[in-house]
């Protein structure tokens with residue numbers, strides 16, 4: 001065979017991966033792998049994580065930009081009216097880092113970015129631990145200080161890059177009150193441990209997708225179970241029917257044998273009686 005004189009181009013084939021196969025995030029530096037059905041929701045969250053990281057890096061002091069072990073960043077965008085959100089964190093030192101107590105002298109935690117939520121702009125609040133944070137429980141509160149309710153994101157990350165979680169909350173988060181728990185997590189010797197039951201579950205869309213797949217598999221199992229149950233019932237009915245037919249046949253056979261036996265006895269009695277009559281005549 002010969003190549004065409006005008007050259008050739010490789011075929012462009014669109015791959016359709018099964019939802020059961022694992023795929024990787026296409027963004028450089030992201031090590032996420034998961035189902036193809038979860039990739040779109042992960043990419044949206046990955047883009048949001050990168051956007052918050054860039055904004056935090058731009059607003060922090062250049063001299064201290066890389067000096068941190070743990071960061072918790074709150075981001076939101078006011079619409080027509082200004083919405084001012086405040087973040088505060090209760091941590092193992094026993095103090096609460098907030099706008100009124102912006103630094104913990106024991107562990108060095110500091111509120112180093114504090115926005116008031118100008119309309120139409122990305123607003124940020126950021127609390128940083130420049131040294132290794134103390135082990136224990138961390139509870140993150142978000143308060144609607146002023147303005148209309150607004151949705152927001154909460155990014156928790158360590159400098160190792162292995163522990164990153166994005167918590168997303170809609171404006172209905174504040175329906176229960178102006179100050180609510182937005183996230184909880186544990187700091188241990190092996191890293192950050194997130195509470196799966198906390199508000200704003202990470203990768204909510206992926207979690208819903210997982211539950212949907214599990215529900216679909218449960219439905220399939222349920223259908224199979226129903227089929228097995230129906231087959232079992234039919235088999236039992238068939239066995240009962242066969243047993244009933246055999247029983248009827250057996251009863252009919254016994255009755256027939258009894259009738260035949262009675263008939264034979266009657267014939268013998270008649271023959272004997274006739275024979276006796278003949279003897280008497282002779």
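Rg over Rh for segment 22-202 works out to 0.95, using Cα positions for both radii and the Kirkwood form for Rh. Give me log10 I(q)/I(0) at q = 0.22, 0.23, 0.30, 0.32 Å⁻¹ for segment 89-132, Debye formula, one equal scatterer per alpha-carbon, no solvent. Relative scattering, expressed as log10 I(q)/I(0), comes to -0.70, -0.75, -1.07, -1.17.
Within segment 50-150, the ratio Rg/Rh, alpha carbon atoms throughout and Rh by Kirkwood, equals 0.97.
Quick note: the coordinates plus some simple rules give every number you see, no bench work behind them. Worth saying up front: this structure is predicted, and the values here are computed from it rather than measured.
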